[in-house]
Amino acid sequence: MKRFLLVNLVLWLSAFAAAAATLDTIAERGTLRIGYISDEAPFSSSQPGAEPVGYAIDLCGKIADEVEHQLPQVGREYVEVTLANGFEAVKREEIDLLCGSITVTLKRREVVDFSQPIFLTGASALLRNDSPGYLQTLFLDGPAIHAVSERAATNVIGMRANTTTAATLREALAIQASKTKLADFNTHEDGLKALEDRKIDAYIADQVLLISLAKRARDPSSLEVGDRLFTHEPYAIGLRRGDADFRLLADRVLTEFYMSDEFLPLLETYFGAETPMLHTQVIMQHVP
């Protein structure tokens, strides 16, 4: 019985330690660490020597404002991470917020928690005007420039490594016979260059990221973003697991901002003509 009680005590203490308040950690450290991914414009991006910018960065900044209001002695620090190591950085308490185009999945929730949604999108493809006709038929609502019969014997589709889109595409190809080859890229910019250099026939990512990426192409008029979506991608801010109070703080800040007069202008800054639809989507998903 004594051993049983001791084991239970150890488990309870371990759980308590894992759930240590994020605000306590921030206060002890003296800084709120905002993790961001640098190549996810318009959600998070950065230039050398400058602080990151983007829609998700601005929302994380609202949360940071509230933390600094509660802890006036605390400052904020931006920490660049990658999609591959960002979730572990939250888990290891190296960062307090993970900001970018971060899709919520059950698998990722085994490692981190998430705020309420900040954006909704889905995966599509960035194509050249002369990409194979069957790809245009697959991703574009309008008629393909090339006939579907012009399908190449083997084609290459690019995607960013470690994304939910990449995982979905690999699973789809694994259950059917296909001559399609997949190419992983470390950044979206690398994928864009490969598409422009004709090393791949299409580049797959979330549609909202592709729209921004196409604008940075050498010749934007030579590219087209697919209208059809084949995944559902709810974005949120990554938080440490086991701290309901900090998540509540984040959700309260986001809800108050969504319902304020400042939210619509922020959407217009980053998304232009898509703002009315996006505003409706976010408001419908927010926590009242």
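Here are the numbers for the structure shown:
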item: Subset of the stretch 197-211 that is acidic (D, E) and either surrounded by fewer than 17 Cβ atoms within 10 Å (Cβ to Cβ) or in a strand (DSSP E or B) (or both) - its residue that is modelled with the lowest pLDDT; result: D206
item: Subset of the stretch 119-141 [within 15 Å of R198 (Cβ to Cβ), aliphatic (A, V, I, L, M) and buried (at least 24 other Cβ atoms within 10 Å of the Cβ)]; result: L126, L127
item: Pick from the stretch 63-73, criterion surrounded by 20 or more Cβ atoms within 10 Å (Cβ to Cβ) and either at pLDDT below 95 or touching a helix residue (DSSP H, G or I) at 6+ places or on another chain (Cβ under 7 Å) (or both), ranking: nearest to D251 (Cα to Cα); result: I63
item: Single residue of F119, F114, F87, F139 found to be over 18 Å from S46 (Cα atoms), in contact with a Phe, Trp or Tyr (Cβ under 7 Å, 6 or more places away or on another chain) and not polar (S, T, N, Q); result: F119
item: Residue check, A50 over 15 Å from R76 (Cα atoms) and either within 23 Å of the chain's Cα centre (by Cα) or modelled with pLDDT under 95 (or both); result: no
item: Pick from the stretch 212-248, criterion basic (K, R) and touching a Lys or Arg at 6+ places or on another chain (Cβ under 8 Å), ranking: surrounded by the most Cβ atoms within 10 Å (Cβ to Cβ); result: R240
item: Matching option when the condition is within 21 Å of L254 (Cα to Cα) and at pLDDT 95 or above, among R29, R76; result: R76
item: Members of the stretch 94-130 that are in the same structural domain as L267 (by TED's automatic domain parsing) and among the charged types (D, E, K, R); result: E94, D96, K107, R108, R109, E110, D113
item: Answer residue from the stretch 250-288, given it is in contact (Cβ under 8 Å) with a residue 40 or more places away in the chain and outside any helix (DSSP H, G or I) and is farthest from L209 (Cα to Cα) among those; result: V287
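The values are calculated or read from the model by the stated rules, or taken from the named source; none is laboratory data. The model shown is predicted, which means the values in this text are computed figures rather than measured ones. Counting neighbours? That spans all protein chains shown, and the Cβs are built from the backbone with ideal geometry, glycine included.
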